[in-house]
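Asker: Sharing a structure below in structure tokens format, with a few things to ask.
The values are calculated or read from the model by the stated rules, or taken from the named source; none is laboratory data. Here the structure is a predicted model, which is why all the values come from computation and not from measurement. Counting neighbours? That spans all protein chains shown, and the Cβs are built from the backbone with ideal geometry, glycine included.
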Amino acid sequence: MTPPAVPFRVGVVGAGTVGTEHVRALADSPVRGPAAVCDIDRAAAARLAAPFDAPVYTDHREMFARSRLDAVIVTSPHAWHAPMVLDAARAGLHVLVEKPMATTAEDCTRMIEACRRAGTLLAVAHIIHFDPMVREARRLIRSGEYGAPLLVTHQRSSHYAPGSRPGWFFDRALAGGGIVLNVGTHGLDRVQLFGGALVRRVSGVVRGRPGMEVETDALALLELSNGVCANLTLTSRGAPYLDETEVVMETATLRLSRTNGLALLRDGESVGLLPSDRDHPRPAFRAQLDGFVAAARGRGGRYADGTYGRSVVSAALAVYDSARLGDPVEIPGEDAVVP
Ligand SMILES: NC(=O)c1ccc[n+]([C@@H]2O[C@H](COP(=O)([O-])OP(=O)(O)OC[C@H]3O[C@@H](n4cnc5c(N)ncnc54)[C@H](O)[C@@H]3O)[C@@H](O)[C@H]2O)c1
């Protein structure tokens, strides 16, 4: 049975790859599609808006002023996240903003404060919080059955070169950074979720290619505030794609692999717990939307808040700072809690 429609009007800014996923989630949900779509590329916005007869805008401020929205989903290039969220707060809108929350920690703070002042919800789209494999791993770690987490390793290899994704990802002014800030934020998020605390100390190395403004490859050694240590390896010639995390606990290790699923390694044996789910983004986008809408309407609802989003940005920026300085970098205490 189709759930009844809820009168909650959500606009979308950014009609690209991820904007399309959010619109699909909106269409599948009781919200029943976007109430307006904005993109500087009018044709892209029109493509997403057409099935819902939603109005199309090329300026987000005009959309906020004219479309009687309750909320907005921001999926624009990274450097636009902060100004758009500030404008949304001024317009009294609840916000779900894509990761990375912004390109500086100061901008994250401005966004948090603006939404707090406006009395609107600020949620950051850390999609892996809604990934069933990540959730099951979290549950097992938290159960304490295998002892405390000791180490987390994360390795991801994706194709990160001009032509592999829209050009703005390689423009420092718009992207704010390369593979670390874009792809690495998912890994840093995993490290914090599985390690159970925020990243406090970072030693990083980044590498790029001649003529490119952003880094394409990186290594980092991370220490969490509870003493758990982790590493992050990000490389740019993925294909085949690689996305693997291990969580070493006192009596067993969990291995999460985007290709092979979730396994428990113990006493020299590996037991498969969940198969890989290549379709995970679709239900995860829907669960993320449902959590956001429920929270915005004051009905509970799971979401990652702005202080958590800022902690992930701070960890990514610390990789850059450490790489530049050639020394480990301490991250000042955050008031975020790992959700
Ligand atoms: N959650 C995930 O798994 C995931 C995956 C990929 C990307 N992302 C994030 O989603 C965001 C968008 O990434 P994408 O891959 O969809 O990029 P994209 O380039 O496909 O889409 C971005 C869109 O924003 C539009 N845009 C640019 N400037 C604008 C402006 N001033 N006003 C309105 N629209 C504007 C562009 O025309 C484009 O259509 C980024 O923050 C990215 O890091 C998240």
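Asker: Any residue at all in region 106-113 that is surrounded by fewer than 19 Cβ atoms within 10 Å (Cβ to Cβ), in contact (Cβ under 8 Å) with a residue 40 or more places away in the chain and either out of contact with any strand residue (DSSP E or B) (no Cβ under 6 Å at 6 or more places or on another chain) or on the phi > 0 side of the Ramachandran plot (or both)?
Answerer: yes
Asker: List every residue pair whose Cβ atoms sit under 9 Å apart, with the two residues 6 or more apart in sequence or on different chains, where the first one lies in region 62-74 and is more than 14 Å from residue 45 (Cα to Cα) and the second, anywhere, is charged (D, E, K, R) and surrounded by fewer than 19 Cβ atoms within 10 Å (Cβ to Cβ).
Answerer: If the second residue must be charged (D, E, K, R) and surrounded by fewer than 19 Cβ atoms within 10 Å (Cβ to Cβ), the pairs left are 64/90; 67/9; 68/9; 69/9; 70/9; 70/297; 71/9.
Asker: Can you confirm whether residue 142 is more than 16 Å from the ligand (Cβ to nearest atom), assigned by TED's automatic domain parsing to the domain that holds residue 297, surrounded by fewer than 21 Cβ atoms within 10 Å (Cβ to Cβ) and part of a helix (DSSP H, G or I)?
Answerer: Here the answer is no, as residue 142 does not meet what is asked.
Asker: A further question on this structure: Condition (residue is surrounded by fewer than 24 Cβ atoms within 10 Å (Cβ to Cβ), away from the ligand (no atom under 11 Å from the Cβ) and in a helix (DSSP H, G or I)) applied to region 90-99: is it met by at least one residue?
Answerer: yes
Asker: Can you give me the number of residues within region 278-313 that are assigned to a helix (DSSP H, G or I), small (Gly, Ala, Ser) and crowded, with 24+ Cβ neighbours inside 10 Å? Working first, answer last.
Answerer: Quick first cut of region 278-313, residues assigned to a helix (DSSP H, G or I) only: 281-296, 306-313.
Then keep just the ones that are small (Gly, Ala, Ser); that gives 284, 287, 291, 294-296, 306, 309, 311.
Next cut, crowded, with 24+ Cβ neighbours inside 10 Å only: 306, 309, 311.
Counting residues in region 278-313 that are assigned to a helix (DSSP H, G or I), small (Gly, Ala, Ser) and crowded, with 24+ Cβ neighbours inside 10 Å gives 3.
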